[in-house]
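Enquirer: One structure, pasted below without further comment.
The values are calculated or read from the model by the stated rules, or taken from the named source; none is laboratory data. These figures come from a predicted structure and were not determined experimentally. Neighbour counts run over all protein chains shown; Cβ positions are idealised from the backbone, glycine included. Ligands, DNA and RNA are excluded from the accessible area calculation, which covers all protein heavy atoms including side chains. Shrake-Rupley method; radii C 1.70, N 1.55, O 1.52, S 1.80 Å.
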Amino acid sequence: MDPISITIALIAGVLAGNILSAAMKQDSINFVWRTVFGAGGGIIGFIFFGALNGNGTVTGPLVDIYTGAFGGAILTAIAGAVMAPIFPKKR
């Protein structure tokens with residue numbers, strides 16, 4: 001786990017989390033929290049794949065991008081779904 005791979009996964013998680021939240025029109029979490037959840041999900045996805053990958057048979061920047069993106073998108077979607085009933089949209 002080098003810092004460049006972690007940075008790639010972090011940025012991919014942030015982008016994917018924000019894109020998915022915008023596509024799903026999740027108004028219960030604002031831009032800052034979408035970014036935080038996306039970054040956290042990107043790192044979690046990267047670490048989770050690294051733990052399942054074993055001794056690194058599949059590595060590279062493309063793997064860092066899709067593991068970070070999947071993690072960020074999934075965590076942001078789950079956080080938005082959980083927070084929607086707690087913080088309803090004000091009209």
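Enquirer: Test of understanding: what is the full-extension gain from Tyr66 to Thr7, defined as 0.36 nm times their sequence separation minus their Cα-Cα distance?
Expert: Answer, rounded to one decimal: 20.0 nm.
Enquirer: First compute the accessible area of the chain with a 1.4 Å probe, then give the percent of it belonging to carbon and sulfur atoms.
Expert: 76 percent
Enquirer: Treat every Asp and Glu Cβ in the chain as -1 and every Lys and Arg Cβ as +1, leave all other atoms uncharged, and give the resulting dipole magnitude about the Cα centre to the nearest 20 debye.
Expert: Its charge dipole is roughly 540 debye.
Enquirer: Send over a whole-number figure in Å² for the accessible area per residue of the chain, probe 1.4 Å.
Expert: Ligands and nucleic acids excluded, the figure is 64 Å² per residue.
Enquirer: Which of Ala39, Ile29, Ile11 sits closest to the plus end of the dipole of the chain, meaning its Cα is farthest towards the positive end, when Lys and Arg get +1 and Asp and Glu get -1 on the C-beta?
Expert: The listed residue farthest towards the positive side: Ile29.
Enquirer: Follow-up. Taking R0 as 35 Å, what's the FRET efficiency between Met83 and Thr59 from their Cβ-Cβ distance, rounded to 0.05? Each step should come with its number before you reach the end.
Expert: Numbers: r = 34 Å, r/R0 = 0.98.
Efficiency, from the Cβ-Cβ distance: 0.50.
Enquirer: Shifting gears a bit: Percentage of Cα-Cα pair distances in the chain greater than 18 Å, rounded to whole percent?
Expert: Tail of the P(r) past 18 Å holds 41 percent of the pairs.
Enquirer: So for the chain, averaging the separation of alpha carbon pairs under 8 Å that are six or more residues apart and normalising by length, what relative contact order in percent results?
Expert: Relative contact order here is 44 percent.
Enquirer: Quick one: length gained pulling Val36 to Phe48 fully straight, 0.36 nm per residue minus the C-alpha distance? Let's see the in-between values first.
Expert: Values: separation 12, 0.36 × 12 = 4.32 nm, distance 1.80 nm.
Length gained between Val36 and Phe48: 2.5 nm.
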